Amino acid sequence: MNKVALITGSTSGIGLGIAKQFAKNGYNIMFHGLESNGDEIASEIGKENNVKTVFSNANLIASDAVEQLVEDTIETFGRLDVLINNAGIQYVAPIDEFPNEKYETIIAINMNATFYASKAAWKYMKKQHFGRIINISSVHGLRASEFKTAYVTAKHGVIGMTKVLGLEGAPFNITCNAICPGYVRTPLVEKQIPDQAKSHSMSEEEVVTKVMLKKQAVKSFVPVEALADMALLLAKDSSSTITGSEFVLDGGWTAQ
Ligand code: NAD
């Protein structure tokens, strides 16, 4: 029987890379995201790997939509083994210019949706006596950078939540871990280059070399494939004692 993974934000960037790796390894997948070609992405990857895939475009800003996404997954596939809370957004501005609405939206999508999805999945995972929750936090869950108040706050929050769920899941074979990537060249990063250039008064090339990769000892973007391999490992049956931890793939940023 194929295991089932729900991966939020899996029609772009890191989530898409993880979904491809899980499909290759025989998981049925609930694809999710706001991309208009989500249906095509899901059916193409499903066909390529001979697994069942479905797509949802639930907007994670609302708690009931997050809960419904989990319910839809269970209804469609009959189970839920792996929940990957990956969807996220970014906004970069000095605090005195940071719009309240942007702050609240980032907290809702990057942190609160992780709570609502994990809570909704919990009762099924408990009943199955198996669950793997993987939260895509960030190096910004462990370190700060200026002009990212909302993002850094949310990502630190996700690491705290990961530890609590790791403890609470222990009696039920539910693990919860966080992956903390350094910079990965995805649409989320591409979009912030012009904003960062404005905030730092730099050219876009300077933002990549002097801001983004400055703190990484390895001066290249983290490959999506490495994150996908990490997630696949955490999802395994044999990873039952790996829980409440963060796995940092940051090119040596936090080693300093
Ligand atoms: P991305 O922009 O390529 O993908 C984000 C996904 O989230 C998309 O599918 C998008 O549709 C979905 N999404 C955004 N808002 C949503 C909403 N309101 N409702 C439903 N879905 C929504 O970004 P990415 O770089 O692949 O980021 C994925 C995760 O990795 C995020 O949590 C991000 O914070 C984290 N991360 C990224 C980097 C990086 O350098 N790219 C580094 C560390 C952590």
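If you check Glu97, Glu146 for being modelled with pLDDT under 95, closer than 30 Å to Pro194 by Cα and more than 19 Å from the chain's Cα centre (by Cα), only one passes: Glu146. Scanning the range 230-256 for residues that are farther than 16 Å from Ser138 by Cα and among the charged types (D, E, K, R), we see that the one that is farthest from the chain's Cα centre (by Cα) is Asp237. Of all residue pairs spaced 6 or more apart or on separate chains, those with beta-carbon atoms under 8 Å, a first member in the range 1-18 that is touching a residue at least 60 places away in the same chain (Cβ under 8 Å) and surrounded by fewer than 22 Cβ atoms within 10 Å (Cβ to Cβ) and a second member that is in a strand (DSSP E or B) and not basic (Lys, Arg) are Lys3/Asn28; Lys3/Val82.
Assess whether Ser201 counts as being more than 10 Å from the ligand (Cβ to nearest atom), under 23 Å from Phe247 (Cβ atoms) and at pLDDT below 95. Spelling it out, it is not the case that Ser201 is more than 10 Å from the ligand (Cβ to nearest atom), under 23 Å from Phe247 (Cβ atoms) and at pLDDT below 95. The residue pairs whose first member lies in the range 224-241 and is closer than 15 Å to Lys24 by Cα, whose second member is outside any helix (DSSP H, G or I) and aromatic (Phe, Trp, Tyr), and whose beta carbons are closer than 7 Å, counting only pairs six or more residues apart or on different chains, are Met230/Phe247. What about Ser118, is it touching a Phe, Trp or Tyr at 6+ places or on another chain (Cβ under 8 Å) and among the polar types (S, T, N, Q)? For Ser118, the condition - touching a Phe, Trp or Tyr at 6+ places or on another chain (Cβ under 8 Å) and among the polar types (S, T, N, Q) - is not met. If you go through the range 19-44 and keep only what is assigned to a helix (DSSP H, G or I), touching a strand residue (DSSP E or B) at 6+ places or on another chain (Cβ under 6 Å) and not small (Gly, Ala, Ser), you end up with Phe22, Asp39.
The single condition among (1) touching a residue at least 24 places away in the same chain (Cβ under 8 Å); (2) more than 13 Å from the ligand (Cβ to nearest atom); (3) closer than 30 Å to Glu146 by Cα that Glu71 does not satisfy is (3).
Between Thr209, Thr149, Thr175, the distinction of being more than 13 Å from the ligand (Cβ to nearest atom), closer than 23 Å to Leu16 by Cα and either in contact (Cβ under 8 Å) with a residue 24 or more places away in the chain or not charged (D, E, K, R) (or both) belongs to Thr175 only.
In this structure, does Phe77 turn out to be more than 23 Å from Ile29 (Cβ to Cβ), more than 14 Å from the ligand (Cβ to nearest atom) and buried (at least 16 other Cβ atoms within 10 Å of the Cβ)? No: the conditions fail for Phe77.
From the list Lys126, Lys163, the lone residue that is touching a helix residue (DSSP H, G or I) at 6+ places or on another chain (Cβ under 8 Å) and part of a helix (DSSP H, G or I) is Lys126. Exactly one residue out of Ala228, Ala144, Ala178 is hydrophobic (A, V, I, L, M, F, W, C), in a loop (DSSP other than H, G, I, E, B) and in contact with a helix residue (DSSP H, G or I) (Cβ under 8 Å, 6 or more places away or on another chain), and it is Ala144.
The values are calculated or read from the model by the stated rules, or taken from the named source; none is laboratory data. Note that this is a predicted model, so its numbers are computed, not measured. Note that each Cβ is placed from the backbone with ideal geometry, even for glycine, and that neighbours are counted across all protein chains shown.
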